[in-house]
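Got a structure here, written out as structure tokens. Questions coming.
The values are calculated or read from the model by the stated rules, or taken from the named source; none is laboratory data. Worth saying up front: this structure is predicted, and the values here are computed from it rather than measured. All Cβ positions, even for glycine, are placed from backbone atoms using ideal geometry, and neighbour counts span all protein chains on display. The area values use the complete protein model at the heavy-atom level, side chains included, leaving out ligands, DNA and RNA. Shrake-Rupley method; radii C 1.70, N 1.55, O 1.52, S 1.80 Å.
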There are 2 protein chains.
Amino acid sequence: MASILAPNMHFAKTGSYSVVEPGKPKEAPTPSTGGGSAALSAACTRQASTVKQMKKDGKPADQIEKAVEELKRLRAELAVAEKANAGQGTEHNIDRKLFDETVLRRMFVVPAFEIHGGVAGLFDYGPPGCALKQNIVDQWRRHFVLEEKMLEMECTCLTPEPVLKTSGHVDRFTDLMVKDIVTGDCYRADKLLEDHIDDLLEKGNFSSSEADEHRKVQRQADAYSPEELGAILEKYGIKATTTGNDLTKPFAFNLMFGTKIGPSGALTGFLRPETAQGLFVNFKRLLDYNNGRVPFAAAQIGLGFRNEIAPKNGLLRVREFTMAEIEHFVKPDEKKHPKFANVSNVTMKLFDRDAQLGTGIVSSMTCGDAVAKGTIANETLAYFMARTQLFMLRIGMNSEKLRFRQHLSTEMAHYAADCWDLEILTAYGWVECVGHADRACYDLTVHAKATNTSVEAQKMLDKAVEVLQLTVKPDRKTIGMTFKKDQKAVCSALEGLDSDKAAEVEKAHSAGQPYELDGFSIAPGMVLFTRKKKMVQVVKFTPSVIEPSFGVGRILHALLEHSFSVRKEDAQRVVFQFAPVVAPIKCGVYNLQSGSKFPPIVTRVVDLLTQAGISTKADTSGQSVGRRYARADELGVPFGVTVDFDTVEDDTVTLRERDSMTQRRVPIAALPGLLRELCGLDGDVVAWKDALSAYPEVGASEASGPITLETTSRGVFSRPAALVKK
Amino acid sequence: MASILAPNMHFAKTGSYSVVEPGKPKEAPTPSTGGGSAALSAACTRQASTVKQMKKDGKPADQIEKAVEELKRLRAELAVAEKANAGQGTEHNIDRKLFDETVLRRMFVVPAFEIHGGVAGLFDYGPPGCALKQNIVDQWRRHFVLEEKMLEMECTCLTPEPVLKTSGHVDRFTDLMVKDIVTGDCYRADKLLEDHIDDLLEKGNFSSSEADEHRKVQRQADAYSPEELGAILEKYGIKATTTGNDLTKPFAFNLMFGTKIGPSGALTGFLRPETAQGLFVNFKRLLDYNNGRVPFAAAQIGLGFRNEIAPKNGLLRVREFTMAEIEHFVKPDEKKHPKFANVSNVTMKLFDRDAQLGTGIVSSMTCGDAVAKGTIANETLAYFMARTQLFMLRIGMNSEKLRFRQHLSTEMAHYAADCWDLEILTAYGWVECVGHADRACYDLTVHAKATNTSVEAQKMLDKAVEVLQLTVKPDRKTIGMTFKKDQKAVCSALEGLDSDKAAEVEKAHSAGQPYELDGFSIAPGMVLFTRKKKMVQVVKFTPSVIEPSFGVGRILHALLEHSFSVRKEDAQRVVFQFAPVVAPIKCGVYNLQSGSKFPPIVTRVVDLLTQAGISTKADTSGQSVGRRYARADELGVPFGVTVDFDTVEDDTVTLRERDSMTQRRVPIAALPGLLRELCGLDGDVVAWKDALSAYPEVGASEASGPITLETTSRGVFSRPAALVKK
């Protein structure tokens, strides 16, 4: 259950806490923003955690109040410290206005149904955004599904209620809401109370003790039951903010989109809030497909839907989003990973639980050390974290702006063993983009129980081991007298009990309790217990699951930000410096001069590259090549081919690299192979200087060094590069 | 609007007709199934069309009845003729049981939420089905989006009501339903009536005229209004079939899944029933993105949802499905296609309107001829039909089992210019898998009107042309007297009218009618009309759209069927003969013998191929290679690499081709390049015999010819192939 993922994020400015129920969005603690304020930040986090625990434990209000006062003092100190630290530490500043304007104008992402007025939290991907997303997903599939031999599935979004009832979403994927009784406008009830008290204290004239009383109520806003909160809203006379109308009583609002499946309307369904459930309910078939072997991983890339109350920040909190989730099933006591050695030297930035509650310092550590020291719970979890980091680097994310934050124990569900979020620094703060959770066997167990299905896997041991098996022997006489005509059925049921069930009976009886079996009450004395040694070579177990869960839209947004830059000579000239492997368009093709000779060559180059699977875009508009390069820069096109007079003579073109703006002279026939290498379409990406070393540099760089034409080993042309027009 | 696509299909056995409203599913006429019965089939189709038209025109019931009798006679004759023709013509017979069992067992497609009891019409793709679908979609993207430079978008599934109200889906995407008032079970009202009358006549004892009266009612079942049908159901005392309970009155049941967007519940939304609307509402931005130039095509691959009343036939009628749609925008009077010459020689099987109503014969024709003869309305429509056929062949569809069926004029929406469905022959009959529709400018116009947005494109002419422009000049005196304080607004509105609007005013006035303008009634005599010559070089127009719309699930199902075969030596040994380009797994890797030397080599080969982006699966189970080949055959793995003792010595392996079962000896290092060629990963697919010509054949074929080892030009090894174990 990837409940923690897509629509949740936290900003440097928010620091509220709430207990994370399975299936319920959470908020994360204030992260440390710089070395100077790290300890203060940690103190805040720790204190907030204490307050939360006190509320949970039902401590007296005055104690809570005191703890909250301390929290507020710490936060105020922190705010001062952070202001002083501004400019230190890892920061991410972009010209947000220019960024947003470019993303919209070049149609990376646009509001959905814009001409009809739009809908909050729904966005469409335009051509370059769509291609970028596709390339990210392709890389993900290659990096995880192909390389790790995962069993990829595609399950439906429409999900019948029993499935999500079982997973816990129907009951717990909720927030408390109130409605304007006239307009139907909705408000999150706790936020409304908090805002109201802020207003009240600001405008009113209260004695110190009165103000304290209001603050006390405000601080507990998110801890009240619907009934309590309803009474308080009434007491304060709180009305709808925009209209002043009366409000309904608070009620639990489920964040899932409901619908009716089938014509009768009898079957309630939901749009899945995550893709994970589809994999869990298919576990038995997946296990069969994998010839009964565990460990194995299943994966799914697909849509999730959450009816966010307040969608915001573009792609970061939306109502429909793409997720990519992995469920790696393992034997609970065997969480080593066979390929761990491949990643043990990967260095990661870890913001562990202790650091969040203590020093506040994010530490760099190798994956191997993190497991050896017990910072990360097990090899498999750590393996996936390292693989996630490698994936992020492959698609071009800035390595300085990645960190893993461990969940506090108060954030995790009771059954979870360990959880780490990959957070990416954006202009909105650190955004949770990938969750990594060791969820133990919770998910499989609940579905197994609800459907009476076995989710047990088995493992053949290298050699048989001796185990002590408990069996139950019915005392036929007593049973006959007690159950009469049912005695046969009862005896047969008792004899069919396996060792685990027999142990349950024994436990009940030794406590003097009867044991309920198929509706019959088996009282102490009705059975005898015997233990026998037995050699077994097959052990049965319910697998644990380790779940990396990716929010693709958030990753795309972060990648747009990390790739966003401007040319030094012109702060308004935007360049998206996409890694070639994900760039929406790999190559632009231009005619340097106008004239009827060039368009057929441009078309030929475009066709040649397209046939080779390279996304190519011709720009033969009458504008200057510089202007056309600039247009391509805005779409992050990494390479450009220019056709000129020399091309007509010798079938060579200039190939230009976006970031260095260097150019090399290359025969047209060599372009497909070169570009496939440069874009990593066949495997590893080959760097520009390595791939092009055999070709002469031309243009701007010519003056600064010798023409390398003569050194080419692949040279099929021999015209002095100095002749090439730029 | 791709209303005709995904959940609609027709079977050889059904032949009912219904008027196709925009946004409403249709049924297609009985297709011809063999040469012998072709004329009869055509006569049936023609007669059915006549009956439909008569009902539509409200002809007297006795005339309709007579026409229907004739239709029934023709159908009976056709049934006899078809029985006689069995075995002739194009047929598609597979062992359905074995097919279904294999598809399920090997997890190509499985019922969704199976352990929770499942939901009709919802299916999940398991690992091989998911990969197959992904490969089909990748090929589609390459064939259409990349090659044709289409603007691909990804729009949301959640769609607010006004968008689908505008498109016509809210009002017309409906069927008439009745509900069991106790259980809520739903029935399609017309089908319930038809079935009831069948039962009545079978069981009861009626005079000839009484029976005729009932038949008359039955035949008009689908033509009644909700009120009429309700009265008839009541008169017949029709109850719910399964319970005998009373039924509700008939009501229109919309096939879209509804939901509420946002917390207030005020905004009704639907899951899109097609992807097309997302492209239409983004038209303005797409036009800008394309620098204002038309023609251009937009494309989208994504989910569609339809709440089918009776899902059936596996993937052929489901409630959630993937579509791939293209909207090609053109100037309405310029439907030539610049690349038409590329396809003019493609021969297609065309079942045109006249043939369906006349000879009943499907004719083969080149694309060029079809346009020249006017069989297909225009070049662009024909171009896409040919491209669709080429796509189907590329992914491995059987060319004998493809045909294009033109829509009858009664099937098409009033605004549509021409429509052709690509139908694929399956075990369920001819299934409509791709629609090709020239929809004129309907879609853009309705959205423009509803949102008051301009959807006009403009074209710069090569040189200015003289046009006659009509302008309206208000007679200020009359207007002043009539409208008093509003005179200024009225004059200004009149002077702002463009030539087209002015023509509307003139038309009204010459008919003696007033013209309504912004709420003012402009009577004849209030204005003067003047015509002026003007030179214009820019023409404005609302683009027409040509829409190819693909049902990916149906295509996948058809491809599974067309690829399904059994080994000659064993009718239970299934082979999916997927084209390498779409095969879910490209290569299996096996160890011929057991022993510790082999697994590391197997792993090395797998890693090498995986790194090169080739989906590979090792099978190192202890079973015989033959058994493991058979297992791979069931998944349609086209190539197999076997590691043996010789591999240890010289790093060569045998590479086996699935269909011919021939094997060649190949160095491991050559595998990635060879397999990428064989699977068409870099462009065109290279055939086995061409790609492997340089490598020696081994195994079964050795006896029949000389070992070709010596002829190799790439030979890096020289061991006699006879040593290779098979």
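Tell me, which residue of the stretch A:633-685 that is more than 18 Å from A:K617 (Cα to Cα) and among the basic types (K, R) is surrounded by the most Cβ atoms within 10 Å (Cβ to Cβ)?
My answer is A:R665.
Residues in the stretch B:591-604: is at least one assigned to a loop (DSSP other than H, G, I, E, B) and either open to solvent by less than 20 Å² (accessible area, probe 1.4 Å) or modelled with pLDDT of 95 or more (or both)? Walk me through it before giving the result.
Pass one, the stretch B:591-604, residues assigned to a loop (DSSP other than H, G, I, E, B): B:592-597.
Right, trim to either open to solvent by less than 20 Å² (accessible area, probe 1.4 Å) or modelled with pLDDT of 95 or more (or both) and you get none.
Among the residues of the stretch B:591-604, not one is assigned to a loop (DSSP other than H, G, I, E, B) and either open to solvent by less than 20 Å² (accessible area, probe 1.4 Å) or modelled with pLDDT of 95 or more (or both), which makes the answer no.
Still on this model: In the set A:L132, A:L201, which member is more than 10 Å from chain B (Cβ to nearest Cβ) and surrounded by fewer than 22 Cβ atoms within 10 Å (Cβ to Cβ)? Break it down into steps so the answer makes sense when it comes.
Numbers: A:L132 fails: surrounded by fewer than 22 Cβ atoms within 10 Å (Cβ to Cβ).
Checking each option against the conditions leaves just A:L201.
So, of the residues in the stretch B:249-266 that are surrounded by fewer than 17 Cβ atoms within 10 Å (Cβ to Cβ) and in contact (Cβ under 8 Å) with a residue 24 or more places away in the chain, which turns out to be farthest from the other protein chains (Cβ to nearest Cβ)?
It comes out as B:K249.
Name the single residue that is farthest from B:Y289 (Cα to Cα) among those in the stretch B:150-168 being among the charged types (D, E, K, R) and within 7 Å of chain A (Cβ to nearest Cβ). Spell out the reasoning first.
Just the residues of the stretch B:150-168 that are among the charged types (D, E, K, R), to begin with: B:152, B:154, B:161, B:165.
Keeping just the survivors that are within 7 Å of chain A (Cβ to nearest Cβ) gives B:152, B:154.
Numbers: B:E152: 12, B:E154: 15 Å.
The extreme case among them is B:E154.
Sort out which residues of the stretch A:180-225 are hydroxyl-bearing (S, T, Y) and touching a Cys at 6+ places or on another chain (Cβ under 9 Å), and write them in order of number.
The first filter runs over the stretch A:180-225 and keeps only residues hydroxyl-bearing (S, T, Y), leaving A:183, A:187, A:207-209, A:224-225.
Answer for the stretch A:180-225, where residues must be hydroxyl-bearing (S, T, Y) and touching a Cys at 6+ places or on another chain (Cβ under 9 Å): there is none.
So, one more: State which residue is most open to solvent (accessible area, probe 1.4 Å) when the search covers only the stretch A:548-575 and only residues that are hydroxyl-bearing (S, T, Y) and out of contact with any Leu (no Cβ under 6 Å at 6 or more places or on another chain). It would help to see each step written out before you state the result.
Within the stretch A:548-575, the first condition is being hydroxyl-bearing (S, T, Y), and the residues that meet it are A:549, A:563, A:565.
Subset that is out of contact with any Leu (no Cβ under 6 Å at 6 or more places or on another chain): A:563, A:565.
On the way: A:S563: 3, A:S565: 28 Å².
So, considering only residues that are hydroxyl-bearing (S, T, Y) and out of contact with any Leu (no Cβ under 6 Å at 6 or more places or on another chain), the one most open to solvent (accessible area, probe 1.4 Å) is A:S565.
If only one of A:F305, A:F283 is at the interface with chain B (Cβ under 9 Å from one of its Cβ atoms), more than 30 Å from B:G269 (Cβ to Cβ) and either modelled with pLDDT of 95 or more or buried (at least 21 other Cβ atoms within 10 Å of the Cβ) (or both), which one is it?
Working: A:F305 fails: more than 30 Å from B:G269 (Cβ to Cβ).
Step by step, each of A:F305, A:F283 is checked, and only A:F283 is at the interface with chain B (Cβ under 9 Å from one of its Cβ atoms), more than 30 Å from B:G269 (Cβ to Cβ) and either modelled with pLDDT of 95 or more or buried (at least 21 other Cβ atoms within 10 Å of the Cβ) (or both).
Under 9 Å between Cβ atoms, at least 6 apart or on separate chains: pull out the pairs that start in the stretch A:348-362 with a residue that is under 17 Å from A:F384 (Cα atoms) and end on any residue that is assigned to a loop (DSSP other than H, G, I, E, B) and polar (S, T, N, Q).
Sorted first by the residue in the stretch A:348-362, then by its partner, the pairs are A:L350/A:T375; A:F351/A:S32; A:D352/A:T375.
Which residues, taken from the stretch B:655-683, are free of Cβ contacts under 8 Å to residues at least 60 places away in the same chain and among the polar types (S, T, N, Q)?
B:S660, B:T662
Could you please find all residues in the stretch B:429-452 being surrounded by 20 or more Cβ atoms within 10 Å (Cβ to Cβ), more than 30 Å from B:L316 (Cβ to Cβ) and either in contact with a His (Cβ under 7 Å, 6 or more places away or on another chain) or among the aliphatic types (A, V, I, L, M) (or both)?
Within the stretch B:429-452, B:L444, B:A448 qualify.
Additional query: Find the residue count for the stretch B:602-612, including only residues that are more than 8 Å from every other protein chain (Cβ to nearest Cβ) and either touching a residue at least 60 places away in the same chain (Cβ under 8 Å) or hydroxyl-bearing (S, T, Y) (or both).
Going through the stretch B:602-612 one residue at a time, the tally reaches 5.
I've got another one for you. Does A:M177 qualify as being surrounded by 19 or more Cβ atoms within 10 Å (Cβ to Cβ), at the interface with another protein chain (Cβ under 8 Å from one of its Cβ atoms) and either among the aliphatic types (A, V, I, L, M) or more than 30 Å from B:N290 (Cα to Cα) (or both)?
Numbers: surrounded by 19 or more Cβ atoms within 10 Å (Cβ to Cβ): yes; at the interface with another protein chain (Cβ under 8 Å from one of its Cβ atoms): yes; either among the aliphatic types (A, V, I, L, M) or more than 30 Å from B:N290 (Cα to Cα) (or both): yes.
Yes.
Go over the candidates A:T347, A:T366 one by one and state the one that is open to solvent by 20 Å² or more (accessible area, probe 1.4 Å), among the hydroxyl-bearing types (S, T, Y) and within 21 Å of the chain's Cα centre (by Cα). First the steps, then the outcome.
Values: A:T366 fails: within 21 Å of the chain's Cα centre (by Cα).
Just a single option satisfies the conditions, and that option is A:T347.
What tally of residues in the stretch B:453-488 results from selecting those that are surrounded by 14 or more Cβ atoms within 10 Å (Cβ to Cβ), of a type in the set (A, V, I, L, M) and over 46 Å from the mean Cα position of the chain (by Cα)?
Number of matching residues: 2.
Ok, one more. Which residues, counting only those in the stretch B:311-338, are surrounded by fewer than 18 Cβ atoms within 10 Å (Cβ to Cβ) and more than 17 Å from B:G553 (Cα to Cα)? Step through it out loud before you land on a result.
Narrowing the stretch B:311-338 to residues surrounded by fewer than 18 Cβ atoms within 10 Å (Cβ to Cβ): B:312-313, B:331-334, B:336, B:338.
Passing the criteria: B:K331, B:P332, B:D333, B:E334, B:K336, B:P338.
Which condition number does B:R403 fail, the rest of (1) under 22 Å from B:T322 (Cβ atoms); (2) not in a helix (DSSP H, G or I) being met?
So B:R403 meets the others, but not (1).
Turning to a different aspect of this structure: Restricting attention to the stretch B:508-526, does a residue exist that is outside any loop (DSSP other than H, G, I, E, B), under 23 Å from B:E466 (Cβ atoms), touching a residue at least 12 places away in the same chain (Cβ under 8 Å) and in the same structural domain as B:D475 (by TED's automatic domain parsing)? Spell out how you get there, then give the answer.
Within the stretch B:508-526, the first condition is being outside any loop (DSSP other than H, G, I, E, B), and the residues that meet it are B:508-510, B:515-517, B:520-522.
Checking which are under 23 Å from B:E466 (Cβ atoms) leaves us with none.
No, that holds for no residue.
Are any residues in the stretch A:462-478 touching a residue at least 40 places away in the same chain (Cβ under 8 Å), of a type outside the set (D, E) and within 21 Å of A:R531 (Cβ to Cβ), and if so, which ones? So that I can check it myself, show each step before the final result.
Within the stretch A:462-478, the first condition is being touching a residue at least 40 places away in the same chain (Cβ under 8 Å), and the residues that meet it are A:463-475, A:478.
From the residues that got through so far, the ones that are of a type outside the set (D, E) too are A:463-465, A:467-474, A:478.
If the condition is that a residue be touching a residue at least 40 places away in the same chain (Cβ under 8 Å), of a type outside the set (D, E) and within 21 Å of A:R531 (Cβ to Cβ), then A:A464, A:V465, A:V467, A:L468, A:Q469, A:L470, A:T471, A:V472, A:K473, A:P474 are the ones that fit.
Hey, another quick one. Which of the residues that make up the stretch B:115-129 are in contact with a helix residue (DSSP H, G or I) (Cβ under 7 Å, 6 or more places away or on another chain) and open to solvent by 20 Å² or more (accessible area, probe 1.4 Å)?
B:I115, B:H116, B:F123, B:Y125, listed by residue number.
Of the residues B:A298, B:A341, which single one is touching a residue at least 60 places away in the same chain (Cβ under 8 Å) and among the small types (G, A, S)?
Values: B:A341 fails: touching a residue at least 60 places away in the same chain (Cβ under 8 Å).
It is B:A298.
Hey, among the residues in the stretch A:267-276 that are open to solvent by less than 10 Å² (accessible area, probe 1.4 Å) and more than 9 Å from chain B (Cβ to nearest Cβ), which one's farthest from A:T445 (Cα to Cα)? First the steps, then the outcome.
Start the filter on the stretch A:267-276 by keeping residues that are open to solvent by less than 10 Å² (accessible area, probe 1.4 Å), which leaves A:269, A:271, A:273-276.
Going one step further and asking which of them are more than 9 Å from chain B (Cβ to nearest Cβ), we end up with A:273-276.
Numbers: A:P273: 20, A:E274: 18, A:T275: 18, A:A276: 14 Å.
Only one residue tops the list, namely A:P273.
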